[in-house]
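Shown next, in structure tokens, is the structure this report addresses.
The values are calculated or read from the model by the stated rules, or taken from the named source; none is laboratory data. Just so it is clear, the model here is predicted, and its values are computed rather than measured. Cβ atoms come from the backbone with ideal geometry, glycine included; neighbour counts cover every protein chain shown.
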Ligand code: DGJ
């Protein structure tokens, strides 16, 4: 009887845990659902070693709550979870869940298993020392690397067993659904060489391109990444053959081979997760292939944008391929990952004052499910810190952001010295969103100080009624109907960013005025309440609405037309 009750308790806990979060596709957009409501991760990832000590967790988590995070991304270390083979210690995981709950935070666990930034440094010492049982990847010249070979079933079994035991413990104990998402491994990728040249790997390579991959490529031909499609067609669009026959004899084909095999490995881990927490969103993260480096110079074969089709084919149980962004060109990287077949989530981004602007941009423009600056515990928790203000704003705005996600009534801009202005059109209304430094009276624009990245979300609530939320932005509203009043911009969308068409209007053209510009707050049900009203100098006597570089605000703007 006792055992029966224990089973029921465990089952209930498991169901509760697995039901607390899931991904849901509605109206062409995928949303993260937590406790049955759409949820956006206003996150931060801990530094790698910051969750290895109870005292650090106790000290850090209250600070994260003060920083307005709603979610913390935390490593789960294989080496500390299974210090001796078969003996598990889940105390750190329990501590993380307890402290998160105590501080009103959700948790995304990062399984630091066989690979962490390519290397196998987080595998337990008993694993590392037994290179006969757990073989290493090798370079072309035969040099063994501190990278467990993805081709070894012993490696996979050991990793999967530990992961499964750990996740079962999480499912049994996290009855309130604190854990909302899982990352499998961390920045997988081959280094020093584009592919593993161990004997196990060579044996696999000799078998040629697997039928499963070829089938996926044929079925998804139209949506393939252009570089993969090109390599395939340049080599005759074969339906089968050796890797070099199908894709050509170069280092990028080696990378395809590795991507498929890393993907298969991760698929096995993902299936283990699905058995335990069927709905839990699962993702893998990638170090970017930037600065003109070649596979093996960058971590080759991770879930990179140009390898997305191979990863999708190999690991269909993984929900999201996610970019870690430490390089310039934020908007370009985002465009590579926000795709019809991939929901955008940024698990790591270099921590900085621009994180708020980046968050506005990816939530409003790409319907991302979240963002998470790295080594978050080292950021400021002052209420005046830019990220703290931005997360505070986004927490309040979340009901409106999630309601408008996937619709044409929401867009966003990211502004900088390189791109100080973007135009969004709403029918006949052209809304020019400019960087705040473009205002003639802001001397910082010309005194040599660097232009910060700024950004804002624009939502249309009703005709002539908008929400502008963000930092460092000036919004000007104009009517761009032709003199006849017939022509429209933005035919392909309600709001439509990027147009730079100009029209100075004429005497016969109705002009747009600002009826009211209010700073507002947003209640959990989306209701707006006025905080203060801006007019006079603050709107340049009715010419524009604006939010200064140092502020993060939600403005409710009502416009009218006049002739
Ligand atoms: C990316 C990794 O995924 C993180 O764990 C960490 O090592 C950072 N790089 C450090 O910059």
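Miscellaneous remarks
- Residue in region 272-292 that is on the phi > 0 side of the Ramachandran plot and either without any contact (Cβ under 8 Å) to a residue 24 or more places away in the chain or outside any helix (DSSP H, G or I) (or both) present: yes
- Odd one out for residue 94, checked against (1) in contact (Cβ under 8 Å) with a residue 60 or more places away in the chain; (2) away from the ligand (no atom under 16 Å from the Cβ); (3) over 30 Å from residue 385 (Cα atoms); (4) outside any helix (DSSP H, G or I): (4)
- In the condition set (1) at pLDDT below 95; (2) more than 27 Å from the chain's Cα centre (by Cα), residue 476 is compliant with all but (1).
- Residue in region 147-169 that is under 27 Å from residue 346 (Cβ atoms) and within 16 Å of the ligand (Cβ to nearest atom) present: yes
- Residue match in region 430-439 (condition: surrounded by 22 or more Cβ atoms within 10 Å (Cβ to Cβ), free of Cβ contacts under 8 Å to residues at least 40 places away in the same chain and within 25 Å of residue 520 (Cβ to Cβ)): yes
- Residues of region 493-507 include at least one that is modelled with pLDDT under 80, surrounded by 21 or more Cβ atoms within 10 Å (Cβ to Cβ) and in a strand (DSSP E or B).
- Any chance residue 284 is surrounded by 23 or more Cβ atoms within 10 Å (Cβ to Cβ), within 26 Å of residue 327 (Cβ to Cβ) and modelled with pLDDT of 95 or more: yes
- For region 298-322, filtered to residues that are over 13 Å from residue 283 (Cα atoms) and either away from the ligand (no atom under 16 Å from the Cβ) or at pLDDT below 95 (or both), the residue that is surrounded by the fewest Cβ atoms within 10 Å (Cβ to Cβ) is 306.
- Residue 136 being over 21 Å from residue 307 (Cα atoms), more than 28 Å from the chain's Cα centre (by Cα), in contact (Cβ under 8 Å) with a residue 24 or more places away in the chain and surrounded by fewer than 22 Cβ atoms within 10 Å (Cβ to Cβ): yes
- Subset of region 323-369 (residues that are within 16 Å of the ligand (Cβ to nearest atom), in a loop (DSSP other than H, G, I, E, B) and either without any contact (Cβ under 8 Å) to a residue 60 or more places away in the chain or surrounded by fewer than 23 Cβ atoms within 10 Å (Cβ to Cβ) (or both)): 326, 327, 328, 350, 351, 352
- Residue check for residue 141: without any contact (Cβ under 8 Å) to a residue 60 or more places away in the chain and touching a helix residue (DSSP H, G or I) at 6+ places or on another chain (Cβ under 8 Å): no
Here's the yes/no breakdown for (1) away from the ligand (no atom under 16 Å from the Cβ); (2) within 16 Å of residue 167 (Cβ to Cβ); (3) crowded, with 18+ Cβ neighbours inside 10 Å:
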| position | (1), (2), (3) |
| --- | --- |
| 33 | yes, no, yes |
| 38 | yes, no, yes |
| 44 | no, no, yes |
| 59 | yes, no, no |
| 70 | yes, no, yes |
| 73 | no, no, yes |
| 83 | yes, no, no |
| 101 | yes, no, no |
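- In region 61-78, of all residues being outside any strand (DSSP E or B) and touching a strand residue (DSSP E or B) at 6+ places or on another chain (Cβ under 8 Å), the one that is nearest to residue 176 (Cα to Cα) corresponds to 70.
- Pairing each residue of region 414-429 that is at positive phi with any residue that is assigned to a loop (DSSP other than H, G, I, E, B) and surrounded by fewer than 22 Cβ atoms within 10 Å (Cβ to Cβ), provided the two are 6+ apart or on different chains, yields C-beta distances under 7 Å for 427/488.
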